[in-house]
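One structure below.
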Amino acid sequence: MLITLCYLYLWARWGRRPAALVLSTVRRLRASRCSFTFCRAAAQPGGARVCLSRGGRVFCVGESQSVDDLNKWALFLVSPFILEAEHIAFVTESIWVQGTSFQEPSSSETVVKWSDCCLPLACRPGDPYQLIAKASVDNFSKLGVAFMEDRLQMDNGLIAQKIVSVHLKDPALKELSKASNKQVQAPLPSPEASLEAQPAQGVMEQAGQGDWKAAGEGPSPQRRGCAPVSESAADGDPGQGSTELCQLHLSSCHECLELENSTIESVRCASAENIPDLPHDCSSSVEGTAGELCPERKGKRVNISGKAPNILLYVGSGSEEALGQLQQVRSVLTDCVDTDSYTLYHLLEDSALRDPWPDNCLLLVIASRDPIPKGIHHRFMAYLSQGGKVLGLSSSFTFGDLRVARRDVLRNTAQNLVFSKADGSEVRLSVLSSGYVYEEGPSLGRLQGHLENEDKDKMIVHVPFGTHGGEAILCQVHLELPPSAPLVQTTDDFNVLKSSNTRRLEVLKEILTALGLSCDAPQAPALTPLYLLLAAEEIQGPFMQWLARHVDPEGVIKSSKLSLKFVSSYTSEAEITPSSIPVVTDPEGFSSEHFNLETYRQNLQSTRLGRVILFAEVTSTTMSLLDGLMFEMPQEMGLIAIAVRQTQGKGRGPNAWLSPVGCALSTLLVSIPLRSQLGQRIPFVQHLMSLAVVEAVRSIPEYEDINLRVKWPNDIYYSDLMKIGGVLVNSTLVGETFYILIGCGFNVTNSNPTICINDLIEEHNKQNKAGLKPLQADCLIARAVTVLEKLIDRFQDQGPDGVLPLYYKYWAHSGQQVRLGSSEGPAVSIVGLDDSGFLQVHQEGGGVVSVHPDGNSFDMLRNLIVPKRP
C-alpha cells in the first residue's frame, strides 16, 4: 500500500527535474526499507514500480533487497567501519567490454566518477562485477541520476549496468566490522584451496559468491567465481581512522601509508582465489616523488608504470597438475621478490578472457605447457602491445616468428646452461630441461641462455615487442622447479641441480629485474623479546630463586655484551636493541608458529643440558644471549638460547651465518672440568656437536639412510656435496672449568638457498617409495642436545675411542685426498683423527702425520699444514 501511495505521489510530481525527483524520492522513502534500483528498462525487477524512465533506463522502487552473508565477498579494509544512519548501502553491477572506453557525454552535464561519490566495502569479481559500497543519500542519488543520463564513469573500463540499494543485515555488518578491526596478515593458503574454502583470516577477508537477495527469498543461484585481480574498479579509501570519502589508489601507497604505517605489512586484500593482496605498492610512484611518499623504500627499484603491484600467474586449466605447477611457481617467486612489495595472483582461464586484469598487472607469468587458447593468446598479445611484461616458464607461449621445437632426448634431464646477463657476464649452471628449444625468432634482447652442447640450443630468449616497451623473456628450462621436484628422475640429477640451486635463483632474479621487478632483499626483521621457558617443571622453583638473587633492583643482569631485563610481560613500548633485551618470565604469554615447547620437551631426554631456554623469534645472534648468565648459573639447569631468525649470525672467523626461517639455530652452554678426558681435548667438542646433529636425525627409526654426514672439523653435510649446517665453539677457562658456548645452525625446512634436511627426506621418499614425514627444528634441537649429552658422558668415560667409531660411520672423508700447503702441494690421504681431534693423513712413501688448518675461513680442508714439532 505504501509503495502504491508513493508511486501516485511521484506521478503527480512528474514534471520535476530528474535529479530533484530522485533525491526527493530517496529521502522520503528510504526509512521504509524499500530498495531503489537504477537499471536498464529490460532489467527492471519484477514487481517494482517505475518512478522515472529516461533513454531506455529506469529508476524504480521495490521490495527491500538484503545482504546477510559476506562470507564469499572480498571485504575492503575500512578503518573504522561504521554505516551511518544517513548513509545508504548499495550494490553496483558492472561489466567490462574489451576495447570499450568511457565516452564523454555530449550534454553540458558533468561526468560523475563512481569512486568520488561512495566508499567501497566489498567486491565480487565475476560477470557481472559486483561492488558493495556506502554513500550519503545525496551522493547515492547523484550516482543514480548520472547512471540514468549515461554520464556515470566507472574505473578501469567497467560499465555500470545496475545500481540497487540494499539492507546490510547483522551478519554482514559483523563481517565488515571484523575486517576493519583485524591487524594480522592473512596466512598464504595453498593454491588447491577451493572457492568454497573458509575465508582467510586477515585484515581483508576472502570473498566470492555470497549472493544478495530479496527479503524473504531463498538463496539465489551462485555464479562461478573468477580469477583474482586487483579490485581497482572500486577505488576508495577512508584513510586512517576516518570515514571521509576518497579514492583508493591501488597503484600508489600514499593513502595506504596514512592508514597504518606501523602495520603496513598487514594490509592485504583477499581475491576470489583466497590469495592475499597488498593493494598499495610503496614503490609505485613516479621516481620524482617516490622518495617523498615512501622514504623507507628509497634506493629500491621504482614501479614507474603506475600499476598495482600484482604478478599474475597463468597455468592453464584448473587440473591437479596445473595447481601443482601454480604452487611451484608461487613458491620460487616468493623466494625471489619481496612479498611486501608484490602480490601473486592465480589468473584463471575465464578471467584471462573476461576481466580487466591488464591494467592491474606488473608481470604476467605463463607456466602452462598446454597450448594457449586463441582468445587468451590474443589478450596476452594485447597486454604485451600496451607495454606489458611477460615471463614464460617452460610454456608453449610464443609469438611472431619465434618457434618451439621438441627435443625428447633433453626432456626432464639435467643439462649445462650458459646464461648471459644484462651486463655481459655469464653464469654457468645445471638446469632441468623441458625437452623443448627455441628456433627462428626475431632479434633478441640482452638476456639469453643456451645449452653447452654442440648445437648451443636456445633455452632462454629475451624478446622486445611493440613500441610501448613490451617485452617477454621465455624459458625452456625449469627455473620454477626445485631439485626435489617429481620431474627430477635420478639422484645424480638431484645432486647437480642442488649444487646449482643458488645460481638458479640468481638467474631468475636477473630475469625478474630485467622485467622491471625489484629483487632487493627485504629489510632485516625487527628484534623481538626473549621468553624464558623451562623444559622441566621441577627446576622452575630453584631457577626463579637463583634469578632473584642475581638481578639488580631493576630486574637486570648485565654483562660486557648486553643487558637482560627480566619482566613478567612485554609491551611494545619497551625498546629492544642488540645490547638491551627484555626477557619475559611468564610462559602463559608465549606462543610461536616456529617453536613448540611441548615438542621440545617430549624430545629432550637430557639430565643437564638444554633445560632452561631463552627463546626469541628474532635476535642479533644467539652466541651473545648467554654471556651474562654462563658463569653463574648452576650446571644442572642447562642453559640454551634458541632463535627462529638471526640478523647477525656468526660463522667461523670473519664469516657470517645466513639465518633464514627454517634453520635450527641455538647456542648451548656446556661446562667441562679442565682435568677430564674432554677437558684435555677441547677441540673434540665441535666434532661431538656435529656428530650429535647427524645422529639426532639418523637414529630415528626408518631415517637411518638419510645421507647426512659430518665434515671435519665442524660442518654438517649432505653426502660430501653440500653444506647443511655448522658449529661454532667459544670456550673460556675459569679456574678449573671450561665454560663452552656451542653455537649450532642447520637447515631443517628451508630448501633455499642451498639444501635442507627435509629435502633429503623428500628425495629419499621419491627414490625408495617411502613415506617418511618431514622433521621440525624444535624436535631436532632437543634430540641433538640429548645425543650430545650422551656423547660427552661417553667421551669422559672412554676418551676418543668411545665416540670415534660412530664419528667415522658418518664422516664424509673416507679415502679422501687433500693437498698440503697449497693447491700444488703434495697429495695425502685422510685416515682419521688424532688424540686431540686434528686430522691424520698418510703420504705415499711416508708415515701418518697430524695436520692443522692454515687459518683460512673458507675451507679448512684447503692448505693444510704440518705443525712444527717443538
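The values are calculated or read from the model by the stated rules, or taken from the named source; none is laboratory data. As the structure is a prediction and not an experimental result, all values here were calculated from the model. When we count neighbours, we look across all protein chains shown, and the Cβ atoms used for this are built from the backbone with ideal geometry, even at glycine. Side chains included, ligands, DNA and RNA excluded: accessible areas come from the protein's heavy atoms. Shrake-Rupley method; radii C 1.70, N 1.55, O 1.52, S 1.80 Å.
Let's test the formula: R0 of 25 Å, r as the Cβ-Cβ distance of residue 138 and residue 386. What FRET efficiency results, to the nearest 0.05? Display every interim value, and only then the final one.
Working: r = 38 Å, r/R0 = 1.51.
According to the calculation, E is roughly 0.10.
Evaluate E = 1/(1 + (r/R0)^6) for residue 370 and residue 732, where r is the Cβ-Cβ distance and R0 equals 51 Å; express this FRET efficiency to the nearest 0.05.
0.20
For residue 345, which sequence-distant residues (separation of 5 or more, or a different chain) have an amide H within less than 5 Å of its own amide H, given hydrogens modelled in the peptide plane?
311, 312, 313
Could you tell me which chymotrypsin sites (Phe, Trp or Tyr not before Pro) in the stretch 567-656 are loop residues by DSSP with no more than 16 other beta carbons within 10 angstrom of their beta carbon? All intermediate terms of the calculation are to be shown ahead of the outcome.
On the way: sites: 570, 590, 595, 600, 615, 631; in loops: 570, 590, 595, 631.
Sparse-neighbourhood loop chymotrypsin sites (Phe, Trp or Tyr not before Pro): 590, 631.
Ignoring everything but the protein chains, give the 1.4 Å probe accessible area of residue 397 in square angstrom, nearest 10.
Here the accessible area works out near 0 Å².
Below 12 angstrom from the Cβ of residue 661, what's the summed charge of the other residues (Lys, Arg +1; Asp, Glu -1)?
Details: positive: 645; negative: 335, 593, 617.
My count for the surroundings of residue 661 gives -2.
Using a probe of 1.4 angstrom, how much of the accessible area of the stretch 537-686 is carbon and sulfur, in percent?
Roughly 47 percent of what the probe reaches on the stretch 537-686 is carbon or sulfur.
I'd like to check one number: the per residue accessible area of the stretch 401-499, probe 1.4 Å, reported in Å² as a whole number. Display every interim value, and only then the final one.
Numbers: 4480 Å² over 99 residues.
Computed with neighbouring chains in place, this is 45 Å² per residue.
Distance cut-off 18 Å, Cα to Cα: go down the list 374/458; 711/769; 134/174; 509/766; 723/790; 113/162 and report the pairs above it. Walk me through the intermediate numbers first.
Details: 374/458 25 Å; 711/769 29 Å; 134/174 16 Å; 509/766 29 Å; 723/790 25 Å; 113/162 15 Å.
Correct reply: 374/458; 711/769; 509/766; 723/790.
Consider a paramagnetic label point 7 Å from the Cα of residue 540 along Cα→Cβ; state which residues of the stretch 554-592 have an amide N under 12 Å from it.
Correct set: 586-589.
Output wanted: per-residue J couplings in Hz (rounded whole) for the stretch 485-495, from phi through Karplus 6.51 cos²θ - 1.76 cosθ + 1.60, θ = phi - 60°, x for Gly and Pro.
5, x, 5, 6, 8, 10, 5, 4, 5, 4, 5
Explain nothing, just compute: Karplus ³J(HN,Hα) = 6.51 cos²θ - 1.76 cosθ + 1.60, θ = phi - 60°, for every residue of the stretch 573-580 in order, whole Hz, x for Gly and Pro.
Values, residue by residue: 6, 5, 7, 10, 10, x, 9, 8 Hz.
For residue 162, enumerate residues with amide H under 5 Å from its amide H, sequence gap 5+ or separate chain, H modeled in the peptide plane.
Here the answer is 93, since their amide H atoms fall under 5 Å of that of residue 162.
For the stretch 742-752, take each phi angle, set θ = phi - 60°, evaluate the Karplus expression 6.51 cos²θ - 1.76 cosθ + 1.60, and give the result in whole Hz per residue in order, putting x for glycine and proline.
Listing the rounded values in order: 9, x, 9, x, 8, 6, 10, 10, 9, 5, 10 Hz.
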